[in-house]
Amino acid sequence: MEIRTIECQDDGSFIVNKNVDANDNRQLCVPDDMGNRHRVMIQEWIDEGNTPEPYVEPEIPYQDKRIQAYGRIGDQLDMQYKDLVNGTTVWKDHIAKVKSDIPKEI
């Protein structure tokens with residue numbers, strides 16, 4: 001196996017040769033276990049002076065952030081009902097705050 005690139009993963013494993021060539025979809029996921037022959041090869045590659053790419057937390061799309069911030073649908077319906085009964089705007093205020101705190105990405 002020829003190692004061209006190594007990318008660290010959040011669980012300590014490694015992705016070898018990720019997206020090296022658009023026509024080559026071969027990549028290998030290697031656990032951080034020195035009993036694994038590919039992990040030994042990775043260590044040799046590192047010992048030769050190469051540096052693996054660090055793990056980068058993926059960006060969560062604003063839509064997913066908003067879905068989480070809006071809360072469960074049952075809670076939203078409860079807010080709407082209470083607004084209707086009490087003449088308040090708790091639900092509209094909640095939605096406006098979520099949209100303000102988590103703006104659309106352009």
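Taking the Cα-to-Cβ direction at GLU57 and at ASN19 and moving 7 Å from each Cα, how far apart do the two end points lie in nm?
2.0 nm
How large is log10 of I(q)/I(0) for the stretch 6-47 at q = 0.20, 0.23, 0.30 Å⁻¹ when the intensity is taken from the Debye formula with one equal scatterer per alpha-carbon?
Log10 of I(q)/I(0), two decimals: -0.60, -0.76, -1.06.
List the aspartates and glutamates whose alpha-carbon lies under 18 Å from that of LYS65, not counting same-chain residues fewer than 8 positions away?
LYS65 reaches GLU57, ASP75, ASP93, ASP101, GLU105.
Over the stretch 12-106, calculate the relative contact order: mean separation of alpha carbon pairs under 8 Å at least 6 apart, over the residue count, as a percent. Don't skip to the end; give the middle numbers.
On the way: 58 pairs, mean separation 16.5, N = 95.
Relative contact order of the stretch 12-106: 17 percent.
Which three lengths, in whole Å and largest first, does the chain cover when its Cα atoms are put on their principal axes?
70, 31, 24
Less than 14 Å Cβ to Cβ from ASP32, Lys/Arg counted +1 and Asp/Glu -1: what total charge do the surrounding residues give?
Details: positive: ARG37, ARG39; negative: GLU7, ASP10, ASP11, ASP33.
Combined, the nearby Lys, Arg, Asp and Glu give -2.
What does the charge dipole of the chain about its Cα centre add up to, to the nearest 20 debye, if the Cβ of each Lys and Arg holds +1 and the Cβ of each Asp and Glu holds -1? It would help to have the intermediate numbers written out before the result.
Details: 13 positive and 21 negative charges, 150 e Å.
Around 720 debye, computed over the chain.
What does the charge count near ALA69 come to, summing +1 for each Lys or Arg and -1 for each Asp or Glu among other residues with Cβ under 13 Å from its Cβ?
Neighbour charge sum, excluding ALA69 itself: +2.
Taking the number of other C-beta atoms within 10 Å as the exposure measure, put ASP11, ASP75 in order starting with the fewest.
Working: ASP11 9, ASP75 12.
Arranged by neighbour count, lowest to highest, ASP11, ASP75 become ASP11, ASP75.
Please give the length that would be gained between ASN36 and ILE73 if that part of the chain were fully extended, namely 0.36 nm times their separation in residues minus their C-alpha to C-alpha distance (nm, one decimal). Could you put the intermediate results ahead of the total?
Details: separation 37, 0.36 × 37 = 13.32 nm, distance 4.71 nm.
Between ASN36 and ILE73, full extension yields an extra 8.6 nm.
Jot down the per residue volume, in cubic angstrom and as a whole number, of the convex hull over the alpha-carbon atoms of the stretch 46-106. Before the final figure, lay out the partial values.
On the way: hull volume 6.2 nm³, N = 61.
Expressed per residue, the convex hull around the Cα atoms of the stretch 46-106 is 102 Å³.
Could you give the nm distance between label points at LYS65 and GLU2, where each point is 7 Å from its Cα heading toward the beta carbon?
4.1 nm
With unit charges on the beta carbons (Lys and Arg positive, Asp and Glu negative) and the dipole taken about the Cα centre of the chain, which residue among GLN68, GLY87, TRP45 sits farthest to the positive side?
Farthest along the dipole direction, towards plus: GLY87.
Taken together, the values in this text are just the output of simple stated rules run on the coordinates, not laboratory data. It should be emphasised that the depicted structure is a prediction, and the values quoted were computed from it without experimental measurement. Positions of Cβ are backbone-derived with ideal geometry, glycine not excepted, and every protein chain shown enters the neighbour counts.
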